[in-house]
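Down below is the structure, laid out as structure tokens.
The values are calculated or read from the model by the stated rules, or taken from the named source; none is laboratory data. Source: prediction; values computed, not measured. We place every Cβ from the backbone using ideal geometry, glycine too, and count neighbours over all the protein chains shown. Ligands, DNA and RNA are excluded from the accessible area calculation, which covers all protein heavy atoms including side chains. Shrake-Rupley method; radii C 1.70, N 1.55, O 1.52, S 1.80 Å.
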Amino acid sequence: MSDCAYICSRDFIGLSQNFLLDERITSKIVKSAGYIKDHVVCEVGPGPGSITRSIIHRAPKKLIVVEKDPRFLPTLELLQEACQERMELDIQIGDIRDYNFEMGFANVSKMDWHDECPPINLIGNLPFNVSTNLIIRWLKSISEKNSAWAFGRTPMTLTFQKEVAERIVAPASHKQRCRLSVMCQFWCDVQHKFTIPGRAFLPKPDVDVGVVNLVPLKDPLVKLPFSMVEKVMRNVFNMRQKASRRGVECLFPVELRQELGPKLFVLADTDYRARPFELSTEEFARICYAYNLLCEEY
Ligand code: SAM
């Protein structure tokens with residue numbers, strides 16, 4: 001291996017680059033995002049641009065691509081040149097976590113949260129570690145109505161490892177039900193659109209991939225600070241197979257557990273014996289509100 005090749009592969013380790021080359025699959029991903037004609041679309045992690053091409057075919061007004069790996073710049077610039085008469089392709093080389101959506105979407109008029117979704121779409125086939133981490137950050141932004149959600153209920157079409165996609169949409173009592181399911185369902189309508197077999201990627205990952213649509217809810221099930229909700233969910237799911245009471249009690253100082261644990265379940269009108277994965281998203285919302293009330297009281 002030449003020095004240069006070594007530097008490249010070392011520098012880009014961790015980007016988990018598995019590419020989709022089949023146009024039927026890339027256009028199916030874009031189709032699952034719904035109507036995007038004349039919209040402003042942001043594609044996260046375009047790589048060599050196969051999903052990008054499918055997005056361009058659907059004629060958005062503007063496409064912003066945010067790619068961390070600068071080696072894709074020449075390919076993306078070729079695409080930019082090829083479509084310049086039809087639409088604007090804005091290439092941003094950098095980490096999506098640092099991207100300023102409010103600047104990128106500056107010319108889009110803001111919609112009221114209770115209105116239709118704004119003419120903006122986020123689409124991405126990211127490495128699994130990035131997409132799971134990103135969705136938590138984005139749920140926080142949704143709860144605070146900032147970043148891409150300062151414009152209204154911006155929908156997302158993202159890929160996850162198939163099992164993570166199943167967790168995101170898992171209803172109460174489903175074997176995949178976990179903290180991520182409840183957090184996503186507090187703020188979004190979630191749909192697992194379809195599964196892409198691992199063999200469709202190059203190189204082939206060890207897992208299959210799920211395409212998920214997340215559309216922010218007009219009325220989120222909780223309207224409490226994100227950090228508080230996250231803390232409650234982390235504690236309750238810490239003991240997934242035990243009665244929910246066990247995890248909830250850990251939210252309180254030792255000397256108050258006996259008193260406040262049962263009180264919280266009475267306030268939340270929820271069965272303390274149920275295991276966390278058996279509780280509905282509404283019951284979890286009531287647990288968060290009850291915790292908030294007890295924090296104010298004590
Ligand atoms: N979209 C292409 C496709 O489907 O063939 C590439 C998919 S590949 C799984 C993920 C892409 O995301 C890579 O091009 C990688 O460099 C890029 N990427 C990884 N982490 C990123 C980040 N934090 N911000 C932006 N792009 C990232």
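Things worth noting here:
- Local electrostatic count, Leu256, Cβ distance below 13 Å [Lys/Arg +1, Asp/Glu -1]: -2
- Among the listed pairs Lys110/Lys218; Lys162/Lys223; Lys61/Lys110; Lys162/Lys242; Lys31/Lys110, a Cα-Cα separation exceeding 18 Å is found for Lys162/Lys223; Lys162/Lys242; Lys31/Lys110.
- With contacts taken as Cα pairs under 8 Å and at least 6 residues apart, the chain reaches a relative contact order of 15 percent.
- These residues, Lys175, Lys204, go from largest to smallest accessible area, 1.4 Å probe, as Lys175, Lys204.
- Residue separation of Val207 and Gln241 scaled by 0.36 nm, minus their Cα-Cα distance, works out to 9.6 nm of gained length.
- Net lengthening on full extension, Asp38/Leu293 (0.36 nm per residue, minus Cα-Cα): 87.3 nm
- Loop-located trypsin sites (Lys or Arg not before Pro) across region 82-143 with a Cβ neighbour count of 12 or fewer within 10 Å are Arg86, Lys110, with loop assigned by DSSP.
- Surface accessible to a 1.4 Å probe, per residue, for the residues of the chain, Å²: 49
- Projecting label points 7 angstrom from Cα along Cα→Cβ for Leu78 and Arg234 puts them 4.6 nm apart.
- Computed over neighbours whose Cβ is under 14 Å from that of Asp271, the net charge equals +2, Lys and Arg +1, Asp and Glu -1.
- Length-normalised contact order of region 19-89 in % [C-alpha pairs under 8 Å, at least 6 apart]: 32
- For region 142-194, the alpha carbon positions stretch 35, 21, 13 Å along the principal axes, listed from largest to smallest.
- From largest to smallest, the equivalent ellipsoid semi-axes obtained for the chain from the alpha-carbon gyration tensor read 39, 22, 17 Å.
- In loop segments of region 235-298 as defined by DSSP, the trypsin sites (Lys or Arg not before Pro) with at most 16 further C-beta atoms inside 10 Å of their C-beta are Arg240, Lys242, Arg273.
- If you wrap the tightest convex hull around every Cα atom of region 99-218 and split its volume per residue, you get 109 Å³.
- Charge tally in the Cβ shell below 14 Å around Ala243, where Lys, Arg are +1 and Asp, Glu are -1, Ala243 excluded: +3
- With a simple spin-label model that places each label point 7 Å from the Cα along the Cα-to-Cβ direction, the separation between Arg71 and Lys175 comes to 3.9 nm.
- Cα-projected label distance for Arg24 with Leu217, points at 7 Å along beta-carbon direction, nm: 3.7
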